[in-house]
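Contents: one structure, followed by commentary.
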Amino acid sequence: MPKIELSQEALFSYLQTRMDDVELEKLLTVAKAELDEPVNDEGIVKIELNDTNRPDLWSTAGLARQLRLHRGAPMPDYGFVSRPGEAAETGTRRVIVDAGLQAVRPFIAAFAVTGTAIDEALLNDLIQTQEKLCWNYGRKRRSIAMGVYRSDLMKYPVRYVAADPDVTRFTPLGLTEELTMREMLSKHPKGQEFGHIVADASAFPLLTDDRGDVLSFPPIINSARIGAVEVGDSNLFIEMTGTDMPSLLHACSIVACDLADAGYTILPVTIEYPYDTPVGREVVTPCYFQTPVSTTVPYIEKLLGRTIAGDELAAGLRRMGIAATVTEAGVTIEPPPYRNDFLHPVDVVEDAMIGLGMDTFPPEVPSDFTVGRLSPAELFGRRVKSILVGLGYQEMIFNYLGSRRDFIERVYPESEWEAQHAAHVQVANPMSENFEFVRASILPHLLIAEAGSANAVYPHLVFEVGKVVRRDATDNYGSITRNSLGMLGADAEAGFTLINSHISALFYYLGRDYTLRESGDARFIPGRCAEIVVNGMAAGWFGEVHPETLEKFGIQVPVCAGEIDLDTVQGV
Amino acid sequence: MSANDILKSLHPLEVKVLLRYGSNDLIDTTRIQEDLRFNLGQCNQAVSWLTAKEFLVEHERVHRTVYEITSLGEEFAQNGTPDERILAFVQEHGSATLPEIASALGLENRDVGSAFGSLSKEGVLAMDAEKRVTVASGTPSERMREVRGLLDEAHGGKELAADRLSAVQNEAMAGISKKRGSAGSPFRLVERDEVTYRLTDAGMDAQENLKTAGVTGEEVGALTSRMLKDGSWRTAQFRAYNINSPPSRTLPGRRNPYCEYLDRVKDKLVSLGFEEFDGPIVETEFWNSDALFMPQFHSARDIHDVYYVKEPAHAREIEEPYLSQVAATHEDGWKTGSAGWNYGFDRDFTRRLILRSQGTVMSAKTLPKASIPGKYFGTLRCFRYDQVDATHLSDFYQTEGIVLGESVNLRTLLGFLQMFAEELAGATEVKYVPGYFPFTEPSVEVHIKHPVLGWFELGGSGIFRPEVTEPLGIKVPVLAWGLGIDRMALMNLGLDDLRELFSTNIENVRLRRGN
């Protein structure tokens, strides 16, 4: 979820009103936004935007537009956005695309702006918009990358070409010497960060003007001259390249509408492709690519839970910037050019909810009758817990992830490590080796707890009822999750006799029968470990923990422990 | 403490001391031992307790050097010193060699030798030419008489104060005493402070109160089985206990307070008509995200957000027709009325095994077999690729649920949220704000005002998108909700670090109080 920093003064200026934090926080909810940090000494507020499908809100102008509309401001007119197939006159403002790009980075959208000299706040806002759009919405520049240039230094038409990375040289922004495009991948910080997007291509994307002067190497870095926009510039050229036409056109409209709101005149640009695109071979951008969405008033009423008059609905949608035609036959909305989050009529329902206001939907007590139930495993687990508590045990609860060292190496002798490793579910991308394995047994956690609790008054009797996961080749997922009881006693007197009597009491009060057979489990002292058998199935084990295991955990009192597969004992 | 409480707080030993003495009496441990037949330990206890209560105050402290008779001294007092015995032997049996005397008296040769040395110097005994000891003056020396006097005086355990002994006695004592810790002497030299006490005014008040209440210190402590059998309890006076004395610690078997909290939440949801679901910790991308209509290219699905299982990497299969229906919905909306996400659904990636990252997995998995109307919930362990700190855990609980029904809508959703806020969190005020979740539309966050802790986010909710429900065979609206249960538990337990919920420290868990 993106967070943006913006000038509070700029926000109030776009809103044409001022407000305190409480009022601002309340208003921000209509944009699913939260005041992350109130205004600081530099006049900056931090705002978190929760809707990842509304990149139009990730800038001062865009956020202010939604807030202003919801307060009743009239819908803005973005007449510079052309319709597909519309022959808008753009003069010399053209971008000519080279056929070699189809396999590399096929699409581009562009426009120019002219107006007053750009100030620092607007430049910072533009850079932030570029970052948020390209990082969060453009998948870290993979599907959208954006460049801004000083159009006074350029000569149209702009050429978008596939260049030889080892021959083409220019001075990238931030450096003073010329490098080949391939050298930039390793020598320029942006090349190191984003180079992987194009590194495998035989030709690299390059933007030049008609004279061959370089604008940029998208999606990596601008040139040091035409691409070095500064405070005071008043004529800019803005382009976006990418791999997905709808999101590219969407991003282009967002930036154009923002700059229009900032008072700039938007000058569309014609793009000429030598190959087919979803919007044709010649397209004027910014371009309206959205399609109208149709639904009905009853559909909206059914989901929102109350009747809504037609004009009330239209007014509500208008507060979300949506032009809607509401008739007996249905509701048709046209998404504004800066939005592309209407996949289904249900998306109109949500905008209606926000536009009408949450306060207009009083909570209603649900009337459907249903029977509540705990799961059988939960009920059985609770019986087990109450018996263990009666036997004097303290209940513990542990995290399920741990290390190979704790789950395997400290518990088992080395001869068993590989077999035990294979029985555990291992994480392929662990954050650290401390959270690399899912536990297959509760015993390691009980031993960890004992090892860290030598200062606690003895005797120690602890247990946990929880899940364990074991590899199982017969399962569709290759592993099974089981409900398990782990119990441990530690004390000078703790031994087989103690745990044996507790296991016996547990089964007695659970009303379950069991038999024991000798077990050669290496975690226990030979001859002092029993396997529990229920209905002919192995259901657990208990015994005196081997001193070698205790030593590896640094435990200096005798320990007896047991673990029972509750699903087997319960009989499910 | 009231006067009554003070009386009850007195031990019988204290009571007896308080009752025995007057305001002018100077009290010391020796006197108490004699007067009340206490042993020294009881005496010291009574004095230290009464002093702490300021019923007794130190009157005077005198440094004393005293001689205590040892067990050897007691034996000498009774059976004679070696000097006395040698003299008596020679007077009785006639002359004898030193070894003969030692052997006959059962003494060490060197002890007999050194005794003879002194006796010979003092002219009591002498040695003839045959090295036989003979009687000289035959009269005990002054030293012998002094030693005998000291032994007789101290016999029976009496201490001898150095400042009460004459110069001659002190000289004799120097030869037969050693400091504490040394063995083999008839007397032990002890230096100590002797303290005398007197009762304070408060002590006299307490004495008065004891007399008024008729407390004697002879009351019975424990009721015994014998007293019940023989009926002697009828005449017994039972000592009143100080009910405010600190109780001793016990180590009970006990539930974990965090688990108890989770149980209460589950019970509450059951009482609201919800049925519990559960499922495996290892899941597929299909159920974790694809079935929830999160596009496979979504930024939240990057490698660094979920834990992938190393082996096996993929499930063998995903159940049909759900796989095909979900895939089609992603690609072009299928029959849901949606435009879909417009990309090629990856049927290998969807089988990728992961550790469940959100409880909504089980909500989705429950849909195909759900009843209508139906309400379901689960409290499920979820796993996230996060740096573990006070606010992030590698694995944690989420409580999630769904409500299916022809008549459910936004307003019934708000009705449930209000119920959760009031019933589960004790909220005094509830606020609903638009939210964003990839799988619900509309989406609503619920914020509540806790009477103590102020406003916080209770959870998220919404109506499942048709792209979620219809491919799983559900045609009615489905409300979906999730509660930040671990955070609520922290508040409930008065903790501020999520790691504390899963503490491995037994003492911490034992000491944690419930709420």
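The values are calculated or read from the model by the stated rules, or taken from the named source; none is laboratory data. These figures come from a predicted structure and were not determined experimentally. Quick reminder, even Gly has a Cβ in these numbers, built from the backbone with ideal geometry, and neighbours come from all protein chains shown.
Brief remarks on what is shown
- For first residues located in the stretch B:365-379 and away from chain A (no Cβ under 11 Å) and touching a residue at least 12 places away in the same chain (Cβ under 8 Å), partners that are surrounded by fewer than 18 Cβ atoms within 10 Å (Cβ to Cβ) and assigned to a loop (DSSP other than H, G, I, E, B) and lie 6+ apart or on another chain with Cβ distances below 8 Å form the pairs B:Lys365/B:Gly279; B:Leu367/B:Gly473; B:Pro368/B:Gly473.
- Selection of first residues in the stretch B:400-420 that are assigned by TED's automatic domain parsing to the domain that holds B:Ile474 and of second residues that are aromatic (Phe, Trp, Tyr) and not in a loop (DSSP other than H, G, I, E, B), restricted to Cβ pairs under 6 Å at least 6 apart or on distinct chains, gives the following pairs, ordered by first then second residue: B:Gly401/B:Tyr376; B:Gly401/B:Phe377; B:Gly401/B:Trp481; B:Ile402/B:Tyr376; B:Leu414/B:Tyr432.
- For B:Asn342: the one exception among (1) at pLDDT below 95; (2) buried (at least 17 other Cβ atoms within 10 Å of the Cβ): (2)
- So A:Arg512, is it out of contact with any Pro (no Cβ under 7 Å at 6 or more places or on another chain) and within 10 Å of chain B (Cβ to nearest Cβ): no
- Residues in the stretch B:131-163 that are over 60 Å from the mean Cα position of the chain (by Cα) and either modelled with pLDDT under 85 or on the phi > 0 side of the Ramachandran plot (or both): B:Lys131, B:Gly138.
- Any hit, the stretch B:87-106, residues being in contact with an Asp or Glu (Cβ under 8 Å, 6 or more places away or on another chain) and of a type in the set (Phe, Trp, Tyr): no
- Subset of the stretch B:406-425 (residues that are of a type in the set (D, E, K, R), assigned to a helix (DSSP H, G or I) and at pLDDT 90 or above): B:Arg411
- Meets criteria (assigned by TED's automatic domain parsing to the domain that holds B:Val270, closer than 30 Å to A:Gly402 by Cβ, crowded, with 22+ Cβ neighbours inside 10 Å and modelled with pLDDT of 95 or more) for B:Gly459: no
- If you go through the stretch A:330-345 and keep only what is of a type in the set (Ser, Thr, Tyr) and surrounded by fewer than 21 Cβ atoms within 10 Å (Cβ to Cβ), you end up with just A:Thr332.
- Those residues of the stretch B:302-330 which are free of Cβ contacts under 8 Å to residues at least 60 places away in the same chain, under 47 Å from the mean Cα position of the chain (by Cα) and either crowded, with 24+ Cβ neighbours inside 10 Å or part of a helix (DSSP H, G or I) (or both), in sequence order: B:Val309
- Members of the stretch A:26-43 found to be touching a residue at least 24 places away in the same chain (Cβ under 8 Å), buried (at least 16 other Cβ atoms within 10 Å of the Cβ) and part of a strand (DSSP E or B), listed by number: A:Ala33
- Scope the stretch B:187-231; condition more than 37 Å from the chain's Cα centre (by Cα) and at positive phi; matching residues: B:Gly214, B:Gly231
- Some residue of the stretch B:275-294 being of a type in the set (Phe, Trp, Tyr), out of contact with any helix residue (DSSP H, G or I) (no Cβ under 7 Å at 6 or more places or on another chain), surrounded by 14 or more Cβ atoms within 10 Å (Cβ to Cβ) and in the same structural domain as B:Leu380 (by TED's automatic domain parsing): no
- Some residue of the stretch B:454-466 being of a type in the set (Val, Ile, Thr), under 46 Å from the mean Cα position of the chain (by Cα) and within 9 Å of chain A (Cβ to nearest Cβ): no
- Any hit, the stretch A:488-501, residues being surrounded by fewer than 21 Cβ atoms within 10 Å (Cβ to Cβ), more than 28 Å from A:Ser403 (Cβ to Cβ) and hydroxyl-bearing (Ser, Thr, Tyr): yes
- Matching option when the condition is touching a residue at least 24 places away in the same chain (Cβ under 8 Å) and under 26 Å from A:Ser375 (Cβ atoms), among A:Lys467, A:Lys552: A:Lys467
- In the stretch B:495-515, the residues that are over 24 Å from B:Asp386 (Cα atoms) and either surrounded by fewer than 22 Cβ atoms within 10 Å (Cβ to Cβ) or away from every other protein chain (no Cβ under 11 Å) (or both): B:Glu507, B:Asn508, B:Arg510, B:Leu511, B:Arg512, B:Arg513, B:Gly514, B:Asn515
- Hey, B:Asp395 among the acidic types (Asp, Glu) and either within 11 Å of chain A (Cβ to nearest Cβ) or closer than 29 Å to B:Ala328 by Cα (or both) or not: yes
- Spans of helices (runs of 4 or more DSSP H) in the stretch B:20-106 with at least 2 residues assigned by TED's automatic domain parsing to the domain that holds B:Val124, surrounded by fewer than 17 Cβ atoms within 10 Å (Cβ to Cβ) and not basic (Lys, Arg): B:71-79, B:82-93, B:98-105
- Whichever residue in the stretch A:379-429 is among the hydroxyl-bearing types (Ser, Thr, Tyr) and assigned to a helix (DSSP H, G or I) and, among such residues, is nearest to the other protein chains (Cβ to nearest Cβ): A:Ser386
- Residue count for the stretch B:383-392, restricted to those that are buried (at least 23 other Cβ atoms within 10 Å of the Cβ) and not aromatic (Phe, Trp, Tyr): 0.
- Unique residue being surrounded by fewer than 18 Cβ atoms within 10 Å (Cβ to Cβ), in contact with a Lys or Arg (Cβ under 9 Å, 6 or more places away or on another chain) and touching a residue at least 12 places away in the same chain (Cβ under 8 Å) when the list is A:Thr176, A:Thr208, A:Thr171: A:Thr171
- Looking only at the stretch B:331-349, and only at residues there that are assigned to a loop (DSSP other than H, G, I, E, B) and without any contact (Cβ under 8 Å) to a residue 12 or more places away in the chain, the one that is nearest to the other protein chains (Cβ to nearest Cβ): B:Ala339
- Selected residue [crowded, with 18+ Cβ neighbours inside 10 Å, of a type in the set (Ser, Thr, Tyr), within 7 Å of chain A (Cβ to nearest Cβ) and farther than 23 Å from B:Asn492 by Cβ] from B:Thr412, B:Thr440: B:Thr412
- Residue that is farthest from the other protein chains (Cβ to nearest Cβ), among those in the stretch A:433-475 that are under 31 Å from the mean Cα position of the chain (by Cα) and surrounded by fewer than 18 Cβ atoms within 10 Å (Cβ to Cβ): A:Glu433
- Positions within the stretch A:239-269 being polar (S, T, N, Q), more than 14 Å from chain B (Cβ to nearest Cβ) and surrounded by fewer than 22 Cβ atoms within 10 Å (Cβ to Cβ), in sequence order: A:Thr265
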